[in-house]
């Protein structure tokens, strides 16, 4: 087998990201967020998720929402997080469906709505 080489993975993602590959752009953001093959960098995390989401990468839309939800590389903005989770959930991103359910259940960025939350959790369970 191949040994796990985080630095090499980071370099390959960076190379592909520079060529406009949206999966690589999003994965590079994940590397910066978690310090994989590089130092953690919240600003770069946010910028890369934003770039990938603007290019239509569905997982990146959810990841950008996560940045707004937690104030990673940007000001915390629960309403913006909710809107991004909703956008990605409408495109069937399972983590976004769960995040949206969490927002409805707890009234984060939106009015509290237990019924919507339950429907979303049920939908996510059906996909998982």
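The values are calculated or read from the model by the stated rules, or taken from the named source; none is laboratory data. Model, not experiment: these values are computed from the prediction. Ideal geometry is used to build each Cβ from the backbone, glycine not excepted, and the neighbour counts take in all protein chains shown.
Given the criterion within 17 Å of residue 75 (Cβ to Cβ) and surrounded by 24 or more Cβ atoms within 10 Å (Cβ to Cβ), identify the matching residue among 48, 28, 64. Give the derivation first.
Numbers: 48 fails: within 17 Å of residue 75 (Cβ to Cβ); 28 fails: within 17 Å of residue 75 (Cβ to Cβ).
So the residue among 48, 28, 64 that is within 17 Å of residue 75 (Cβ to Cβ) and surrounded by 24 or more Cβ atoms within 10 Å (Cβ to Cβ) is 64.
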**Request:** Determine which member of the set 29, 35, 65, 56 is modelled with pLDDT of 95 or more and out of contact with any helix residue (DSSP H, G or I) (no Cβ under 8 Å at 6 or more places or on another chain).
**Result:** 35
**Message:** If I filter segment 3-14 for residues that are within 22 Å of residue 83 (Cα to Cα) and touching a helix residue (DSSP H, G or I) at 6+ places or on another chain (Cβ under 8 Å), do I get at least one hit?
**Reply:** no
**Complete:** Of the residues in segment 93-115, those that are assigned to a loop (DSSP other than H, G, I, E, B) and either without any contact (Cβ under 8 Å) to a residue 12 or more places away in the chain or surrounded by 21 or more Cβ atoms within 10 Å (Cβ to Cβ) (or both) come to 93, 107, 109, 111, 112, 113
**Prompt:** Any idea how many residues of segment 75-92 are outside any helix (DSSP H, G or I) and more than 20 Å from residue 47 (Cβ to Cβ)?
**Reply:** 3
**Request:** Could you grab me the full set of residues in segment 81-124 that are over 19 Å from the mean Cα position of the chain (by Cα) and closer than 13 Å to residue 66 by Cα?
**Result:** none
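Among the residues of segment 51-61, write down those that are part of a loop (DSSP other than H, G, I, E, B) and surrounded by 18 or more Cβ atoms within 10 Å (Cβ to Cβ). I'd like the intermediate steps shown before the answer.
Narrowing segment 51-61 to residues part of a loop (DSSP other than H, G, I, E, B): 55-57.
Matches in segment 51-61: 57 only.
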**Message:** Quick check on residue 43: is it assigned to a helix (DSSP H, G or I), without any contact (Cβ under 8 Å) to a residue 60 or more places away in the chain and in contact with a helix residue (DSSP H, G or I) (Cβ under 9 Å, 6 or more places away or on another chain)?
**Reply:** yes
